[in-house]
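Colleague: Here's a structure for you.
Values quoted throughout were computed directly from the atomic coordinates according to the rules given, and no laboratory measurement underlies them. The structure presented is a predicted model; accordingly, all values stated were derived computationally and were not measured. Cβ coordinates were reconstructed from backbone atoms using ideal geometry, including for glycine residues, and neighbour counts include every protein chain displayed.
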Amino acid sequence: MTNNNLICDLETGVCAVSGEEGMEVINLTPKKTIDLYYVTDPICSHCWALEPTLRRFLQQYGHYINIHTVMGGLLEKWGGGPVDPANGIFGPQDVAGHWREVGEHYRMPIDGSLMINNPVQSSFPPSRVFKVIQKHHGDENAFTYLRRAREALFAFNQNIGETSVMIDIVNELGLNGESIVKEAESQIGQQLLQEDFALTAKLGARGFPTIIMVNEDNKGVKIVGSRSLEYYVSGLTKILNGEEVKPKQQPPLSKLLAQEKLLFAKEIEVMYDLKATELPAFAESELAPGTIEEKELLGEKYFVQK
């Protein structure tokens, strides 16, 4: 049987269903038109508090965004004056109580006693490691390192400014921890970090976390502090000139946990719009028996991929 709609046109050089145009504008994949600058620091407690919301925002709206994580340089060293007088922080001993308060408020556990017994002396060493990983192994690996470093510091009370701890964290990513930390401790690492500090200054970021979203017309919004998901979605909508933003579906919990390896209860609740009382039944329905371990830290549950 002959299909009369299938025509090979000598003029256009097209063998196709009749009516096809020679040129038209199509959109197969939405173009990422927004640059998002996330100015942060490995020892920023409010950045740790932002993790649940930022993860959901990037999971659902990341198709609009090119993310740039920028190290801001929260603590070069102790001494020589107050570090954060607004929060009553003049030395490392003042940090423990503040961190614990942040952790309890946002339900992202922070032990904090490390800052009394074995304080992080500077956030620059783990920031330099981030930059070296970013340079050689890409943004995704660097972002994962930042997450693992914060878990180690805030939840599990490890001094992420110590060489041995940094090496262990990098090794757990499947990278060469000794080589990466050695480069981070060289002039190369400091030069990479200084480039981020210059960008931080150019962006006008003076507190952490700061998220700045900029559109193609170089107009943007700056959001300082840990905010709700709606706050970031509203900012994205504004710089898309009111265009309706369409979120992607959240990934299945099993897939998310396989990717993240460890998630606190609050992170799962935020991702899936759950009440705390709904989490146990949801986790049971989403996760195959024997695939995860459920643990508790400072009164908060967390789930670990086996």
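Colleague: Compute the Cα gyration tensor for the stretch 200-255, then decide on rounded, prolate or oblate, letting a ≥ b ≥ c be the square roots of its eigenvalues: rounded whenever a/c is under 1.5, prolate when a/b is larger than b/c in the other cases, and oblate in all that remain. Mind showing how you got there, number by number?
Modeller: Values: a/c = 2.36, a/b = 1.35, b/c = 1.74.
Oblate, because a/c is 1.5 or more while a/b does not exceed b/c.
Colleague: Is the stretch 164-271 rounded, prolate or oblate when judged by the Cα gyration tensor, a ≥ b ≥ c being the square roots of its eigenvalues, rounded requiring a/c under 1.5 and prolate requiring a/b larger than b/c?
Modeller: Working: a/c = 2.56, a/b = 1.25, b/c = 2.05.
In terms of gyration-tensor shape, oblate.
Colleague: Which value in deg cm²/dmol, rounded to the nearest 500, describes the helix-derived mean residue ellipticity at 222 nm for the chain, given -39,500 (n - 2.57) per DSSP H run of n ≥ 4 and division by the residue count?
Modeller: Numbers: 11 runs with 130 residues, N = 306.
Rounded to the nearest 500, it is -13000 deg cm²/dmol.
Colleague: Most mobile of ASP168, ASP41, ASP196 per a Gaussian network model of the chain (Cα springs, under 10 Å)?
Modeller: Per the Cα network of the chain with a 10 Å cutoff, ASP168 tops the list.
Colleague: If you don't mind, another one. Please sort by residue number the trypsin sites (Lys or Arg not before Pro) in the stretch 247-276 whose DSSP state is loop and whose Cβ has at most 11 other Cβ atoms within 10 Å. Mind showing how you got there, number by number?
Modeller: Details: sites: LYS248, LYS255, LYS261, LYS266, LYS275; in loops: LYS248, LYS261, LYS275.
When the trypsin sites (Lys or Arg not before Pro) of the stretch 247-276 are filtered for loop state and at most 11 Cβ neighbours within 10 Å, LYS248, LYS275 remain.
Colleague: Classify the stretch 91-149 as rounded, prolate or oblate from the Cα gyration tensor: take a ≥ b ≥ c as the square roots of its eigenvalues, call it rounded if a/c is under 1.5, otherwise prolate when a/b beats b/c and oblate if not. Write down the numbers at each step before the final one.
Modeller: Numbers: a/c = 3.79, a/b = 1.76, b/c = 2.15.
It comes out oblate by the Cα gyration axes.
Colleague: A follow-up question, please. Taking Cα pairs under 8 Å and at least six residues apart, what relative contact order does the chain come out at, in percent?
Modeller: That works out to 20 percent.
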